[in-house]
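Q: Right, I'll just put the structure down here and ask away after.
Here, each number is a calculation from the coordinates, and none is a lab measurement. Computed from a prediction, not measured in an experiment: that's the story for all the values here. Cβ atoms come from the backbone with ideal geometry, glycine included; neighbour counts cover every protein chain shown.
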Amino acid sequence: MKPIRILVDADACPVKEEIYKVAFRREVPVTMVSNARFRMPDHPLLGRVVVSDSFDAADDWIAEQADPRCIVVTADILLADRCLKAGASVLANNGKPFTAASIGPAIATRAIMADLRAGALGGADGITGGPAPFSKADRSRFLQALDETLVKLEQSA
């Protein structure tokens, strides 16, 4: 059976340190996928894949590697959908899992918000900004969710 591994959409990931901490404690390999190099610890469990800067290159690499023995960490809803279809477990950076039941509404909300932002650009509707600032509670929720997801994968072996 393939080992459990964690694939990270790393370019804008705010929980890299938390991922490293869990990976080291549980001895789970991690692959950080990004469009550019960034600093990370030198550790045998950590791998790095730097893809081209073409649109969706990191997403494409992660989606091709995703399988039922993977946990994918991403904030990208469309990548989450692709990885769920490959059988992977998917966690958002705030620890909320993407599931077969939640991904459809998440994609719909994403489309609605994109439409609203596009309309707001032409007027002064006040629809601006992005997600709420990342909090300590988000980090804590992520750590707990990553641990719980690893336990579920280990038990399903």
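Q: Please give the residues of the stretch 73-91, grouped as numeric ranges, whose backbone N is less than 13 Å from a label point set 7 Å along the Cα-to-Cβ vector of ALA12.
A: 74-79
Q: Follow-up. Obtain the nm distance between the two label points defined at GLU148 and ARG69 by a simple spin-label model: each point lies 7 Å from its Cα along the Cα-to-C-beta direction.
A: Between GLU148 and ARG69, the simple spin-label model gives 2.5 nm.
Q: Could you give the length gained by full extension between PHE24 and ASP60, i.e. 0.36 nm per residue of separation minus their alpha carbon distance, to one decimal place?
A: 10.3 nm
Q: Tell me which lysines have Cα within less than 23 Å of LYS96's Cα, excluding those fewer than 8 residues away on the same chain?
A: The reachable lysines, counting only those whose Cα sits under 23 Å from LYS96, are LYS16, LYS21, LYS85, LYS136, LYS152.
Q: If you don't mind, another one. Suppose each label sits 7 Å from its Cα in the direction of the beta carbon; what would the LEU45-ALA100 distance come out to in nanometres?
A: Between LEU45 and ALA100, the label points sit 3.0 nm apart.
Q: OK, next. Enumerate the calculated ³J(HN,Hα) couplings along the stretch 88-102 in order (Karplus 6.51 cos²θ - 1.76 cosθ + 1.60, θ = phi - 60°), each rounded to whole Hz, writing x wherever the residue is Gly or Pro.
A: Per-residue couplings from phi come out as 6, 8, 10, 10, 6, 4, 8, x, 6, x, 8, 10, 4, 6, 9 Hz.
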